[in-house]
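Read the structure below first, then the notes.
The values are calculated or read from the model by the stated rules, or taken from the named source; none is laboratory data. Note that this is a predicted model, so its numbers are computed, not measured. Neighbour counts run over all protein chains shown; Cβ positions are idealised from the backbone, glycine included.
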Amino acid sequence: MVSQRRELDSERQIKETEEQRKAREVRPILTFESLIANIVTSQALVAQKEAIKSEVNTTLKAFYCELCDKQYINVAQFDEHVRGYAHTHKLVCSLHHSSLCYLTKIGPKAIQGDDCESAPERC
């Protein structure tokens, strides 16, 4: 059993009759009603896409680390990040910095040269 190759469009067009050519080349006439229907349909599709996008963002928010400003796709990636060195180090640094700011503002001895408004340069 020998399979034949598929004909190219140009080869099929050479063999077609005048009626087949006209049927192929005729474009549908757009009426005002069909244009309005297309606009309404496209607006509905845009609204549907926006709703899906909003739902995806809401779902993925659960796997977002605010401290590190990173987004994760699933709980396993997020959990691995939270237990990792980079996240833990940033957490310790931010806690250390906030405790220094707290001591500077209300502690018995003011810490000299600590700028509490800026992030710590080195931890």
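Just a few scattered comments:
- Residue pairs meeting the criteria (Cβ under 8 Å; at least 6 apart or on separate chains; first at pLDDT 75 or above and of a type outside the set (A, V, I, L, M, F, W, C), in the stretch 83-107; second assigned to a helix (DSSP H, G or I) and surrounded by 12 or more Cβ atoms within 10 Å (Cβ to Cβ)): His87/His81
- Listed by position, the helices (runs of 4 or more DSSP H) contained in the stretch 1-91 that have at least 3 residues being of a type in the set (Val, Ile, Thr), out of contact with any Lys or Arg (no Cβ under 8 Å at 6 or more places or on another chain) and at negative phi are 32-60.
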